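Asks: Quick one: this structure, given as structure tokens, is what I'll be asking you about.
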């Protein structure tokens with residue numbers, strides 16, 4: 001005892017000191033583990049948001065476009081069928097003219113040819129113009145103000161992804177065009193702002209990353225989740241009620257139990273191969289359809305739902321069942337009137353977590369044709385939502401990540417943000433359900 | 001529970017009814033090299049016609065042709081994209097499954113380029129360099145030996161002293177075949193190894209060629225089964241890596257990649273269409289004639305695809321990196337007449 005002020009009579013022997021030190025070390029390990037986990041999470045979130053937030057902003061160009069009668073409707077008949085004959089290529093001259101006039105209006109001088117000037121616009125501009133004219137044939141001959149998307153390279157320039165150094169060998173854009181962008185930016189013809197169509201729009205081809213959106217693939221995911229919910233919930237709950245409440249305990253039910261647990265651990269790609277062989281090749285369901293995707297994901301989600309439902313049925317105390325049976329309820333009445341309502345919060349929590357898992361699943365979708373340039377048409381009815389080819393959110397992200405243009409890469413990260421928002425929302429609902437309604441005995 | 005019951009039975013019914021429902025859009029699958037071109041055309045087609053936008057899936061030339069040959073009917077794809085010509089063995093499978101009338105369309109050419117990370121050493125290759133770098137057995141002082149080369153400078157004294165590392169497309173890619181054919185095999189012949197191998201195999205040319213294109217397995221050559229994006233990622237993490245890309249992919253990533261010359265020629269759309277750049281291949285689209293009248297929009301789509309405005313020199317495909325076919329007119333005639341492979345012979 002070197003310190004005379006210490007009053008305690010307890011002296012720690014070497015062994016106790018060692019044990020205490022071991023405990024302190026263990027706590028430090030624990031804190032370090034949590035710290036490492038948190039650091040990973042922060043790194044993940046910072047990367048995702050840092051790379052993906054740009055996708056929610058897009059560069060737009062506002063132009064006054066003269067809808068020349070001699071280009072769009074030579075005879076002046078305003079016959080829709082005749083006007084439809086003018087393809088999007090026929091609209092390119094109008095865009096060139098509109099760009100030229102805007103440059104003159106703001107006194108911007110450039111040596112670029114009009115084709116190069118109009119190349120600042122997205123390739124989707126002509127289609128946007130054509131759709132407008134087909135819907136408003138009476139506007140032919142007038143000058144109308146349009147807001148077009150800017151080309152992905154211009155957008156990249158405003159987002160610092162494209163720099164004057166990086167375009168040295170680029171065929172799609174040159175320094176003179178960037179000078180023009182700077183001038184138009186000063187004149188406020190070009191501006192960068194929030195882009196709703198990234199959330200609501202359809203996929204776009206490799207030449208126009210600026211026009212691509214998640215909307216259609218979100219619908220694809222939505223219809224798949226409907227199928228999963230409609231099939232996995234009733235089947236899963238029915239199976240678990242029977243196994244838990246009615247089935248005799250013998251070796252057959254033991255085998256079933258073991259197999260359900262095993263099924264939950266089967267890699268999801270296996271379900272994809274199964275789906276291809278059974279639903280598409282044998283039953284002849286349409287390829288790339290959310291219905292098939294939903295069926296495959298149902299198989300994948302079922303074990304999760306069965307396991308969580310059985311757990312929540314087990315957690316209802318037997319006294320509840322005994323009391324119901326004691327006052328004369330049948331076995332079925334006791335289950336449906338008393339046990340099931342008490343187990344419901346746990347069942348829904350399990351279902352939501354199963355759905356969230358299915359929502360983020362990509363592997364089985366690879367095999368049933370949901371990867372590629374698929375999510376290009378928004379479904380026009382409920383039936384087509386189930387049956388027409390569509391993609392899903394994670395499949396769309398995968399598809400974007402492997403395309404050549406770097407602008408798609410940014411959109412892939414943006415897509416991850418949207419997917420994360422969905423997953424976090426679903427998990428939050430699950431947590432709230434459990435907190436508010438679950439009873440503990 | 002009753003709600004669940006109704007939903008369940010409704011779903012079962014809709015599942016049963018599905019088989020009878022007509023398909024109203026064109027379905028395409030196949031080569032990932034052709035995928036961007038096919039989706040550009042599909043998008044423009046959807047904009048300009050009243051048909052829905054065709055659906056384009058990827059997966060590789062072989063996978064696409066396999067699905068194409070599964071049979072005729074609404075449940076099979078209408079078009080297979082391929083970065084190589086259909087093989088006789090695949091045609092046989094097609095025939096056996098009732099896909100008898102196939103229309104072959106050559107839509108243009110694609111260049112294969114060798115690129116490395118921007119800012120690194122610059123390379124000027126010949127086919128022989130690649131053979132000496134990657135082949136399993138090479139000829140040294142008249143004798144066939146296991147490839148001892150570990151650096152580009154030992155392959156060819158004119159090249160930089162940089163360790164050998166190549167990321168090449170996996171065997172399911174059509175690009176791999178072109179690489180083997182036009183680079184490795186050409187190099188094999190140029191270095192005289194082909195003749196030596198022929199002697200070693202008792203004059204069997206097929207076996208000698210096969211031995212030529214057998215690549216070393218000591219980790220110098222890495223097969224990439226994914227897309228070019230994966231190759232790019234590998235190069236970014238390994239500064240010594242040289243990757244094989246399609247011309248269009250390179251042109252979209254000039255800020256990260258620098259291209260090497262082959263036989264002294266820089267790959268561009270012009271040098272490929274003139275035939276000066278040696279490593280290029282035709283791209284194909286295969287169509288089922290039986291579907292032409294059945295699937296709405298299929299014929300219009302095929303005609304639209306080969307229009308001068310689309311697949312020609314100034315079209316959007318050329319802008320993306322496709323080398324336009326100088327004989328596009330012939331292809332247009334084939335579409336107009338619905339001429340099958342069998343007709344052409």
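Asks: Is it the case that residue A:109 is under 30 Å from residue B:41 (Cβ atoms) and loosely packed, with under 15 Cβ neighbours inside 10 Å?
Replies: no
Asks: Within the stretch B:38-77, work out how many residues are facing another protein chain (nearest Cβ under 10 Å), free of Cβ contacts under 8 Å to residues at least 60 places away in the same chain, in a helix (DSSP H, G or I) and in contact with a strand residue (DSSP E or B) (Cβ under 8 Å, 6 or more places away or on another chain).
Replies: 3
Asks: State whether one or more residues within the stretch B:200-223 are closer than 23 Å to residue B:30 by Cβ and either surrounded by fewer than 16 Cβ atoms within 10 Å (Cβ to Cβ) or modelled with pLDDT of 90 or more (or both).
Replies: Yes; the residues of the stretch B:200-223 include at least one that is closer than 23 Å to residue B:30 by Cβ and either surrounded by fewer than 16 Cβ atoms within 10 Å (Cβ to Cβ) or modelled with pLDDT of 90 or more (or both).
Asks: A further question on this structure: Can you confirm whether residue B:29 is in contact with a helix residue (DSSP H, G or I) (Cβ under 6 Å, 6 or more places away or on another chain) and either farther than 30 Å from residue A:81 by Cα or outside any strand (DSSP E or B) (or both)?
Replies: The answer is yes for residue B:29.
Asks: May I ask you to say which residue of B:276, B:270 is without any contact (Cβ under 8 Å) to a residue 24 or more places away in the chain and in contact with a strand residue (DSSP E or B) (Cβ under 7 Å, 6 or more places away or on another chain)?
Replies: Step by step, each of B:276, B:270 is checked, and only B:276 is without any contact (Cβ under 8 Å) to a residue 24 or more places away in the chain and in contact with a strand residue (DSSP E or B) (Cβ under 7 Å, 6 or more places away or on another chain).
Asks: From the list A:266, A:258, which residue is within 22 Å of residue A:353 (Cα to Cα), assigned to a loop (DSSP other than H, G, I, E, B) and away from chain B (no Cβ under 13 Å)?
Replies: Exactly one of A:266, A:258 is within 22 Å of residue A:353 (Cα to Cα), assigned to a loop (DSSP other than H, G, I, E, B) and away from chain B (no Cβ under 13 Å), namely A:266.
Asks: Okay, moving on. If you scan the stretch B:314-333, which residues turn out to be outside any helix (DSSP H, G or I) and either surrounded by fewer than 18 Cβ atoms within 10 Å (Cβ to Cβ) or within 14 Å of chain A (Cβ to nearest Cβ) (or both)?
Replies: B:314, B:315, B:321, B:322, B:323, B:326, B:327
Asks: Among the numbered criteria (1) modelled with pLDDT of 90 or more; (2) more than 30 Å from residue A:259 (Cα to Cα), which one does residue A:230 miss?
Replies: Failed condition: (2).
Asks: Would you check if residue B:87 is surrounded by fewer than 24 Cβ atoms within 10 Å (Cβ to Cβ), assigned by TED's automatic domain parsing to the domain that holds residue B:313 and more than 23 Å from the chain's Cα centre (by Cα)?
Replies: Here the answer is no, as residue B:87 does not meet what is asked.
Asks: Among (1) within 22 Å of the chain's Cα centre (by Cα); (2) surrounded by 21 or more Cβ atoms within 10 Å (Cβ to Cβ), where does residue A:237 come up short?
Replies: (1)
Asks: A follow-up question, please. Any residue at all in the stretch A:240-249 that is surrounded by fewer than 21 Cβ atoms within 10 Å (Cβ to Cβ), within 14 Å of another protein chain (Cβ to nearest Cβ), free of Cβ contacts under 8 Å to residues at least 24 places away in the same chain and within 24 Å of residue A:147 (Cβ to Cβ)?
Replies: no
Asks: Please list, ordered by residue number, the helices (runs of 4 or more DSSP H) wholly in the stretch B:182-234 having 1 or more residues that are within 23 Å of residue B:246 (Cα to Cα).
Replies: Fully inside the stretch B:182-234 and qualifying: B:185-190.
Asks: Determine which member of the set A:155, A:179, A:138 is surrounded by 17 or more Cβ atoms within 10 Å (Cβ to Cβ) and more than 14 Å from chain B (Cβ to nearest Cβ).
Replies: None of the other options fit; the residue is A:155.
Asks: Given the options A:161, A:153, name the one that is in a loop (DSSP other than H, G, I, E, B) and under 21 Å from residue B:256 (Cα atoms).
Replies: A:161
Asks: Here are A:147, A:200, A:163: which of them is more than 14 Å from every other protein chain (Cβ to nearest Cβ) and free of Cβ contacts under 8 Å to residues at least 24 places away in the same chain?
Replies: Testing whether each residue is more than 14 Å from every other protein chain (Cβ to nearest Cβ) and free of Cβ contacts under 8 Å to residues at least 24 places away in the same chain leaves just A:200.
Asks: Let me ask something additional. Looking for something more than 29 Å from residue A:152 (Cβ to Cβ) and either away from every other protein chain (no Cβ under 14 Å) or more than 17 Å from the chain's Cα centre (by Cα) (or both) - is there at least one such residue anywhere in the stretch B:231-238?
Replies: No, the conditions are met nowhere in the stretch B:231-238.
Asks: Which residue is farthest from residue A:269 (Cα to Cα), if the candidates are limited to the stretch A:380-392 and must be more than 10 Å from chain B (Cβ to nearest Cβ) and surrounded by fewer than 24 Cβ atoms within 10 Å (Cβ to Cβ)?
Replies: Applying the filter and picking the extreme gives A:381.
Asks: Surrounded by fewer than 24 Cβ atoms within 10 Å (Cβ to Cβ) and in the same structural domain as residue B:226 (by TED's automatic domain parsing), is that true of residue B:141?
Replies: Yes: the conditions hold for residue B:141.
Asks: Residues that are assigned by TED's automatic domain parsing to the domain that holds residue B:120, in contact with a helix residue (DSSP H, G or I) (Cβ under 8 Å, 6 or more places away or on another chain) and crowded, with 19+ Cβ neighbours inside 10 Å, at least 1 per element: which helices (runs of 4 or more DSSP H) completely within the stretch B:235-295 meet that?
Replies: Per the criteria, B:247-252, B:269-273.
Asks: Please state which of the following conditions residue B:309 fails to meet, knowing it meets all the rest: (1) surrounded by fewer than 17 Cβ atoms within 10 Å (Cβ to Cβ); (2) in contact (Cβ under 8 Å) with a residue 60 or more places away in the chain; (3) in a helix (DSSP H, G or I).
Replies: (2)
Asks: Among the residues of the stretch A:350-360, is any without any contact (Cβ under 8 Å) to a residue 40 or more places away in the chain, within 14 Å of another protein chain (Cβ to nearest Cβ) and either under 19 Å from residue A:232 (Cβ atoms) or crowded, with 20+ Cβ neighbours inside 10 Å (or both)?
Replies: no
Asks: Continuing with the same structure: Scan the stretch A:69-76 and give yes if some residue there is without any contact (Cβ under 8 Å) to a residue 60 or more places away in the chain, in a helix (DSSP H, G or I) and in the same structural domain as residue A:183 (by TED's automatic domain parsing), otherwise no.
Replies: Yes, some residue in the stretch A:69-76 is without any contact (Cβ under 8 Å) to a residue 60 or more places away in the chain, in a helix (DSSP H, G or I) and in the same structural domain as residue A:183 (by TED's automatic domain parsing).
Asks: Kindly evaluate residue A:347 against the criterion of being crowded, with 18+ Cβ neighbours inside 10 Å, at pLDDT 90 or above and touching a helix residue (DSSP H, G or I) at 6+ places or on another chain (Cβ under 6 Å).
Replies: yes
Asks: Ok, one more. Evaluate the stretch A:409-422: report whether one residue or more is under 24 Å from residue A:296 (Cβ atoms), assigned to a loop (DSSP other than H, G, I, E, B), more than 14 Å from every other protein chain (Cβ to nearest Cβ) and at pLDDT 90 or above.
Replies: No; the residues of the stretch A:409-422 include none that is under 24 Å from residue A:296 (Cβ atoms), assigned to a loop (DSSP other than H, G, I, E, B), more than 14 Å from every other protein chain (Cβ to nearest Cβ) and at pLDDT 90 or above.
Asks: Does the stretch B:152-163 hold any residues that are in contact with a strand residue (DSSP E or B) (Cβ under 6 Å, 6 or more places away or on another chain) and surrounded by 15 or more Cβ atoms within 10 Å (Cβ to Cβ), and which are they?
Replies: none
Asks: Follow-up. Please find, among A:341, A:317, the residue that is within 14 Å of another protein chain (Cβ to nearest Cβ), surrounded by fewer than 15 Cβ atoms within 10 Å (Cβ to Cβ) and either out of contact with any helix residue (DSSP H, G or I) (no Cβ under 6 Å at 6 or more places or on another chain) or at positive phi (or both).
Replies: None of the other options fit; the residue is A:341.
The values are calculated or read from the model by the stated rules, or taken from the named source; none is laboratory data. Here the structure is a predicted model, which means the values were calculated and not measured. Here Cβ is always computed from backbone atoms with ideal geometry, including for glycine, and neighbour counts include all displayed protein chains.
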